Amino acid sequence: MSDLEQAIRERTYQIWMESGGADGHAERHWLEAQREVLSASLAAVARVSKVGAEKPKAKPAGARKKRRAA
């Protein structure tokens, strides 16, 4: 079983308990948990991608190093 599936199972159980443990709503609880877990996972990936994509600022085109006098 993957970590993702385990996270969905655990969230499904939490949703089921929060709803009073009522029977007959397993599919709805699973889909809600799946949506929440996948959304959180995708948001985390997007944050990491954004941080990794940031490049250091380039120096202006006219900026040059000063030469030392010999």
Just need the relative contact order of region 3-48 here, percent rounded to a whole number, with Cα pairs under 8 Å and 6+ apart.
-> 45 percent
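Exposure proxy check: Met1, Met17 ranked by fewest other beta carbons within 10 Å?
Values: Met1 6, Met17 10.
Least to most surrounded, the residues fall as Met1, Met17.
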Which of Ser39, Ile8, Gly21, positive extreme of dipole for region 3-48 (C-beta unit charges) | Ser39
Only Lys, Arg (+1) and Asp, Glu (-1) charged, at Cβ; region 3-48 dipole about Cα centre in debye = 180 debye
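Taking each pair of different alpha-carbon atoms in region 3-48 once, compute 1/r for the pair, average those values, and report the inverse of that mean as the Kirkwood hydrodynamic radius in Å to one decimal. Could the numbers behind the result be given before it?
Details: mean 1/r = 0.0914 Å⁻¹.
10.9 Å is the Kirkwood radius here.
Readers should treat all values here as calculations from the given coordinates under stated rules, not as data from a laboratory. This is a predicted model, so every value here is computed, not measured. A quick note on method: Cβ atoms are made from the backbone with ideal geometry, for glycine too, and the neighbour counts reach across all protein chains shown.
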